[in-house]
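Some notes on the structure that comes next.
Just so it is clear, none of the values below were taken in a lab; they were calculated from the coordinates. Remember, it's a predicted structure, so these values are computed and weren't measured experimentally. Cβ sites come from the backbone with ideal geometry, for glycine too, and all protein chains shown count toward neighbours.
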Amino acid sequence: MDFSRVELSAEDEEFRNRLRKFLAEIVTDEVIRRDRETGENFDEGVHLALGAEGYLAADFHDEADGGFGALRRRIWDLEIGRAHTPWFHWGTTAVVARMMRDFGPPELTEEVLPGVLSGETRLCLGYTEPEGGSDVATCKTRAIRDGDGWVINGSKMFTSNAHNAKYVFLLTNTDPDGPKHKNLTMFLVPLDTAGVDIQPIRTVDGDRTNIVFYSDVRVDDRYRIGPVNGGWGVLRGALDEEHGTAEKDDDGLQRMAVMSEHLTLMAEAIDEIAALVSRERPDGRRLIDDASVAYRLGRSVARTEAALGTPGMFGRVANAQTMRDVAPDLMDILGTASALPVETEGAADRADNGGAEYIFRLASPVGIYGGTLEVFRNMIAQHALGLGRPNYSPPRA
């Protein structure tokens, strides 16, 4: 296995330096502080600046259409993460825009896509329902034909960024008596339509997401994406992107697995904690001289490195499970003051800056976003190991 660094050409190095400088100018301390307070993982000023500079269009398009090549796309992904850019919702917007381009009416794509690439139009996902769990195909939100349009009633959970988006990529049930997976239809619903009610929810890690209610929402058929009752075929591509199971190119430059950017945050916290425990305390001793501290910190580094190098569905599980296992150790190493959040008086130390406490809170939802770890373990068992479907029936007496 070749772990050598990629040798950048002068042009690619100039691109990296220019991008790094641009991000340093727009992703300010104030932007990061505001994002931490709001939990939105989005900043409109940053988003519009990236659109105006042409970066959104370059990331959206393939190289043949004027977009990034494989190497520059990798540089782009790495620099966006290193700058701690409030960024996660661009991925959602791009995925929906591609589904719309591939399955939607051409005139709708022509209407929406320019705003997507400029940063003015954001798109969000309307899949999960309050009682649906990870199985989105159990959709109860109804869409009923009404002349040239549709009337939609229902509700969706975890519609992140809906309050900053113009449209929602909405999964509906258009044939409640039909077979599962063959009764679903997708719509791109304008979120300013009468009957749409967006209400905020804050998660344990401080993120802002939403529950969205649809009460007699009327949409024209021009907003339908794909065939009636053929929504599962449209949705599968978007789900593969979200799950990280889409096929990767052979160049080896794409990210290893979904949620690796979250594990990178933990890697940064580990580096800061390693520096902190190596300092001498007033009594002349160092925490790292305690064999238990050294062992647990070393184990945390090893597990994090192993997870970051694990690909596909396996990496999706490894990333979240590693965060859940390592985060308590990091807090225990630093002691009770590590329970205080970022920039709180009396927190463990400015060097750690509340990182361990945040990682501890982030670890739980990372194992839920885009599907629970149990769902992914079942996918691995069935599709990678060929073990068949799980049997949840009660044991025989």
By how many nm would the segment from N17 to E110 grow when fully extended, if each residue of separation counts as 0.36 nm and the alpha-carbon distance is taken off? 30.1 nm
Mean projected area (nm²) of the alpha-carbon convex hull when region 248-327 is viewed from all directions: 5.7
Between R281 and Q254, what is the label-point separation in nm under the 7 Å Cα-to-beta-carbon projection? 4.8
Placing unit charges on C-beta atoms (Lys and Arg positive, Asp and Glu negative, everything else neutral), compute the dipole magnitude of region 116-218 about its Cα centre in debye, rounded to 20. 100
For log10 I(q)/I(0) by the Debye sum over Cα atoms at q = 0.08, 0.11 Å⁻¹, the listed values are (i) -0.56, -0.93; (ii) -0.44, -0.82; (iii) -0.48, -0.90; which was obtained by calculation from the structure presented? (iii)
Tail beyond 24 Å, pair distance distribution of region 264-397 (Cα, percent): 40
How long is the gain from V204 to I380 if the chain were fully straight, where each residue apart is worth 0.36 nm and the alpha carbon distance is subtracted? 60.6 nm
In order over region 222-227: 3J(HN,Hα) from phi, Karplus 6.51/-1.76/1.60, θ = phi - 60°, whole Hz, x for each Gly or Pro, gives 5, 8, 6, 10, x, x
Compute the FRET efficiency between R361 and E53 as 1/(1 + (r/R0)^6), taking r as their Cβ-Cβ distance and R0 = 35 Å, and round to the nearest 0.05. 0.55
Phi to ³J(HN,Hα) by Karplus 6.51 cos²θ - 1.76 cosθ + 1.60 over region 158-174, Hz, x for Gly, Pro: 6, 8, 5, 6, 4, 6, 10, 9, 9, 9, 10, 7, 9, 8, 10, 9, 10
Taking only DSSP H segments of four or more residues, each worth -39500 (n - 2.57), what value at 222 nm results for the chain once the sum is divided by all its residues, to the nearest 500 deg cm²/dmol? -14000 deg cm²/dmol
Calculate, in nm to one decimal, what S134 and H84 gain on full extension: separation in residues at 0.36 nm each, minus their alpha carbon distance. 15.2 nm
Once you put a point 7 Å from the Cα of D192 and another 7 Å from the Cα of R98, both along the Cβ direction, what distance in nm separates them? 2.9
Once you place label points 7 Å from the Cα toward the Cβ at A339 and A302, how far apart are they in nm? 3.0
For G67, what residues show an amide H to amide H distance below 5 Å, using hydrogens built from the backbone and excluding near sequence neighbours? D62
